[in-house]
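One structure is given below, encoded as structure tokens.
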């Protein structure tokens, strides 16, 4: 349940407590301000919440945790957003779950649950709420991830799963609560939907889409395959609910905007929403990098960049005490990620050695703050935000009201501004090359495992030919005509010698020349996200040695540029400042 109502006003929390305890068979038995709530409720829940009225600062978020330790077992929480986050479109919320689904199989108990949820939603002046079975909710996430619309989504299991409630609704569920602003916007289009409807005293409309929440069909391949959802798509708009093929509409187009919900709940509308930019925080680097091991020096440099540079902050809140050690272990379990921390400031640094993506988390008791600095190539956001969404789902953290695509776009807007404001000439690569580099480097370890030790899978490196950094090129090294993967690049440096101590650079050839010389010997290999790449197999490498030795080469005159040092903003978006 989500609400923009003024729940800190006198009488609101007590009324909400009365609703939460209004059904004896579902009322909580334990409650506390910390998790888990071990304190047994000696009196009424209404009195517990009512005791805080008049004592809560609007500038601080508040949270209560509840548990029911009798059948049906359950837990819940109440979160009051502070005024700053409320103005940034983060609503108050109530979450609950019952662990004994078999307790709710009878029609009578389902009607009791629906009536109870309606009373709580009305007391909270919720603008939207839903209830469904856990297996149906889990299936929704898996289908959206599996059927991601973009290469990046499929590559990182980052199909958009987080809804943005001023542009869409997450899905159609067994019990759906549409607040007064929805009723006003949709009017008669709601009539006849579902198997049962009810108008509430608060002016909302409750719609039962099915007779029971236990409707999982493991055979469905897409969310829209459930036939009982289709009337909702037809009546309320094909892009109103998240599903495969949905086109996300602009704010307030398919669903009411947040100001409409604020007005309906008796809260003043907000004129604008800030973009979450973090100003740079300059701190001295107290560690001498030359005195550290190379890997420690890399992390210290990354840590300093995270602290000193401006960037985007995304704050994830938890409903319970956050197991920081488990978060670190989960990050380390991702093969491509190396992790250090948390340090004395609570900063966890993670980086991808293959793609150069570096980001960080600042941890406290009930929140993690992701920091992703500017300026950087745009793939930093695509990769880091996909990790963020996975992390939020794993540890049941709350994301701000921006799904994956919107988080990436929000970071990219700030990145463009950072590039424009830069007073130095930043190394630049075309967006197409930068994306190609990232996709290849993201798959490089998989290719190595797939092909084994006999085939060289080169690292794709960004270089500045003749020191020119305004048009970076992609480069690989090929040693002694060895079997290799030949990714699409610009330059290939040829090295002769059987062992490192005897290596000698022959020179640098163009990719086109290498590809033409090897054309009779190359095989094609399909790589997800990259299409087809050339493969010189061990059996064909011997035949290709003559071509390797006869390739025309030029001088080796390029300088390597690290991923975090270049940008890939298109030239029309650049604004060079020399004042």
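Since every read-out is calculated from the coordinates, none of them should be taken as a lab result. Please read these numbers as outputs of a predicted model, since none were measured by experiment. Cβ coordinates were reconstructed from backbone atoms using ideal geometry, including for glycine residues, and neighbour counts include every protein chain displayed.
Overview of values
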{"item": "Pairwise FRET efficiency - residue 211 versus residue 542, Cβ, R0 = 51 Å, nearest 0.05", "result": "0.15"}
{"item": "Inter-probe distance in nm under a simple model that places probes 7 Å from Cα toward Cβ, at residue 70 and residue 270", "result": "4.0 nm"}
{"item": "Residue-averaged [θ]222 nm for the chain, counting only DSSP H segments that reach four residues, each worth -39500 (n - 2.57)", "result": "-9500 deg cm²/dmol"}
{"item": "Difference of contour (0.36 nm per residue) and Cα-Cα distance, residue 313 to residue 199", "result": "37.0 nm"}
{"item": "Rounded tilt (10° steps) of 107-123 against the dominant C-alpha axis of the chain", "result": "80 degrees"}
{"item": "DSSP beta bridge pairing in the range 431-561, given as percent antiparallel to the nearest 5", "result": "80 percent"}
{"item": "Gyration tensor (alpha-carbon) shape descriptor, the range 431-561, a/c threshold 1.5", "result": "oblate"}
{"item": "Cα centroid separation - the range 193-213 against the range 549-570, whole Å", "result": "62 Å"}
{"item": "Residues of the range 93-126 with amide N under 17 Å of the 7 Å Cα→Cβ point at residue 56", "result": "93-96, 120-126"}
{"item": "Per-peptide average of other Cβ atoms within 10 Å, ordering 167-173, 138-144 highest first", "result": "167-173, 138-144"}
{"item": "Counting DSSP beta bridges with both ends in the chain, the antiparallel % (nearest 5)", "result": "90 percent"}
{"item": "Footprinting exposure proxy for 498, 33 (fewest neighbouring C-beta atoms within 10 Å first)", "result": "498, 33"}
{"item": "Average Cα contact separation per residue, the range 2-265, under 8 Å, 6 or more apart, as relative contact order %", "result": "18 percent"}
{"item": "The chain: angle of helix 324-333 to the longest principal axis, Cα-based, in degrees nearest 10", "result": "40 degrees"}
{"item": "Helix 134-146 vs. the chain, principal-axis angle (Cα, 0 to 90°, nearest 10)", "result": "30 degrees"}
{"item": "Tensor-based shape of the range 190-253 (alpha-carbon gyration tensor, a/c under 1.5 rounded, otherwise prolate or oblate)", "result": "oblate"}
